[in-house]
Amino acid sequence: MSTPSFTDLGQSIRNILTSGYDYGRRVIKITLKTRSSRDFEIDSNYKLNCENPEASGDAAVKLRLQDYGVLSEKWYSDGTINLEYRIDDKIFQGLRLIGSYSYNPSTNYSGLQVTGKFKNDFFNGSCSISHALDRHLKFLAGVVIGLKSLFIGYQFEYESISNSFTASNIGLTYKFTDLNVYLKCSPGITDHYDLSAVYRDCHRWNTEGIR
């Protein structure tokens, strides 16, 4: 089992607790994926809330450049366009470098982001620097260490506009055979604490002799 990133720490638990609960709401979700070849992909997601009504969605095109990385472009329903270039395992195994540029013509927002990620079976670290060209600089970093079924991580965020740390998170997850426990806390910033647990019945019922 590879070590997840801090963002993905406890993701399986959050998916169970937050996904698919649209009972009583008139919500339409459409997801389309197509691949014309091994090197070209198109993805599209659309969500319509019939009660508001409110619609949101995105569409993405991804092109694999063989030995030269992956180039992708994504359009959002709010008008934002994101262009990204990614290379994997070129400098050394496990290292991913990402450069992206975002622009929204309706708000005239533009921003650059450079991200570096490294992971193996016991370690996952990431560091990103984003710069809103007319505003401020943001620095985000996180690290997760895996010890068998135990994963411990830390993440912090710094913004130059306020010259302060805006996030300081500690995460921990432990995976038993049939029980997953996730703990997240943000001491000193928001003092927010979150504890989640999901139990899965992994045993097979013995039905012999039952008529």
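The values are calculated or read from the model by the stated rules, or taken from the named source; none is laboratory data. Keep in mind that this is a model prediction, so the values were computed, not measured. We place every Cβ from the backbone using ideal geometry, glycine too, and count neighbours over all the protein chains shown.
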(message) Going through 152, 129, 161 one at a time, which residue ends up being without any contact (Cβ under 8 Å) to a residue 40 or more places away in the chain and not in a strand (DSSP E or B)?
(response) 161
(message) Consider region 92-130. How many of its residues are among the hydroxyl-bearing types (Ser, Thr, Tyr) and either under 14 Å from residue 6 (Cα atoms) or under 19 Å from the mean Cα position of the chain (by Cα) (or both)?
(response) 7
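Given the structure, is residue 5 part of a loop (DSSP other than H, G, I, E, B) and either surrounded by 13 or more Cβ atoms within 10 Å (Cβ to Cβ) or at pLDDT 90 or above (or both)? I'd like the intermediate steps shown before the answer.
Numbers: part of a loop (DSSP other than H, G, I, E, B): yes; either surrounded by 13 or more Cβ atoms within 10 Å (Cβ to Cβ) or at pLDDT 90 or above (or both): yes.
So residue 5 passes the test.
Out of 61, 70, report the one residue that is over 17 Å from residue 115 (Cβ atoms) and surrounded by 13 or more Cβ atoms within 10 Å (Cβ to Cβ).
Details: 70 fails: over 17 Å from residue 115 (Cβ atoms).
One residue alone meets the criteria, 61.
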(message) So the check is Cβ under 6 Å with 6+ separation or different chains; which pairs have a first residue in region 33-57 that's closer than 26 Å to residue 71 by Cβ and a second one that's of a type in the set (A, V, I, L, M)?
(response) 34/42; 40/63; 42/61; 43/60; 44/32; 44/59; 46/30
(request) Among the residues of region 174-201, count how many are hydroxyl-bearing (Ser, Thr, Tyr), over 25 Å from residue 139 (Cβ atoms) and surrounded by 12 or more Cβ atoms within 10 Å (Cβ to Cβ). (result) 3
(message) I'd like to check something: does region 104-117 contain any residue that is surrounded by 15 or more Cβ atoms within 10 Å (Cβ to Cβ), basic (Lys, Arg) and in contact (Cβ under 8 Å) with a residue 40 or more places away in the chain?
(response) yes
(request) Mind telling me which of the residues 115, 177 ends up being in a strand (DSSP E or B) and either on the phi > 0 side of the Ramachandran plot or in contact with a Cys (Cβ under 8 Å, 6 or more places away or on another chain) (or both)? (result) 115
